[in-house]
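Here is the structure we will look at, set down as structure tokens.
What follows is calculated from the coordinates using simple rules that are stated; it is not laboratory data. Predicted, not measured: the structure shown is a model, and the values here were computed from it. Every residue, glycine among them, receives a Cβ derived from its backbone with ideal geometry; neighbour counts consider all protein chains shown.
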Ligand code: ADP
Ligand code: MG
């Protein structure tokens, strides 16, 4: 997935400022930056729920969105995960994961079981969201997002609502499941530690711009400027 020269303004203010970024299948790219720098807005444009003022989005080299042409969100083969992972409270765990799946009943059931096994929640297959802990609900949300085999997985601070003690374990587990599914993952976070732990590639964002991009070790040990140094040391 590639975005090229994306610009988005709100009320005349440039919030996403000429952002270009490539996310490869099987890799996790972290869009890392302080609150308000434009991360979620960028993600929403990729998801297709918000329109850029200029710039293009490509998947496999094929244009999916510019300012005149636009593939609708539901046809973008995108999986979404947010901090508020919002399971459907009235649906069982199985039906939450099956939601939006196509195919025969047996096919759907097989995919649901495959994913619930991966997230180690088969015992809750007929349970309901309120019976699960926060971490367990988060894993169901992961299974649900991955069920239709999205090409692109967009995750917006998906771990920030979780208890500190759970977070590292869930990050590691999520990472290993993502790797098995081979989607191109774009993970938004304001926490350097999370990016360092999960990313193959970090894109550091500030005031709507990507100020640096590279492997986590390189970005961390060779920050582009003083503001990047401050950002890494501040939050840690
Ligand atoms: P981040 O996810 O990095 O915290 P956002 O992309 O949510 O940042 O927001 C970037 C900036 O754009 C913020 O200043 C925010 O207030 C502003 N913004 C986001 N959405 C809208 C909107 N729909 N209307 C006006 N301003 C918005
Ligand atoms: Mg945000």
### Query
If one takes the longest principal axis of the Cα atoms in the chain, at what angle in degrees, from 0 to 90 and to the nearest 10, does the Cα axis of helix 105-118 lie?
60
### Task
Pull out a ≥ b ≥ c, the square roots of the eigenvalues of the alpha-carbon gyration tensor of region 71-125, then state rounded if a/c is under 1.5, prolate if not and a/b is larger than b/c, and oblate in the remaining case.
oblate
### Message
Suppose each label sits 7 Å from its Cα in the direction of the beta carbon; what would the residue 224-residue 71 distance come out to in nanometres?
### Response
2.8
#### Entry: Gain in span if fully extended, residue 193 to residue 4, counting 0.36 nm per residue against the direct Cα distance
65.3 nm
#### Entry: C-alpha long axis of helix 226-235 to longest principal axis of the chain, angle in °
30
### Query
Mind listing P(r) for the chain? All alpha-carbon pairs, 5 Å bins, whole percents.
1, 7, 14, 18, 18, 16, 12, 8, 4, 1, 0, 0
### Message
Less than 17 Å from a label point 7 Å out along the Cα-to-Cβ axis of residue 107: which backbone N atoms in region 54-84 qualify, by residue?
### Response
77
### Task
Mind pulling the angle between the C-alpha long axis of helix 164-181 and the longest principal axis of the chain? Nearest 10 degrees, somewhere in 0 to 90.
80
#### Entry: Relative contact order of region 118-236, pairs being alpha-carbon contacts under 8 Å that are 6 or more residues apart, as %
20
### Query
For residue 83 and residue 126 in the same chain, what is the full-extension length gain: residue separation times 0.36 nm, less their Cα-Cα distance, in nm?
13.1 nm
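Compute the length gained on full extension between residue 51 and residue 164: take 0.36 nm times their separation in residues and subtract their Cα-Cα distance, giving the result in nm to one decimal.
Extra length available between residue 51 and residue 164 comes to 37.2 nm.
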### Query
So what is the relative contact order of the chain, in percent, for Cα pairs below 8 Å that sit 6 or more residues apart?
29
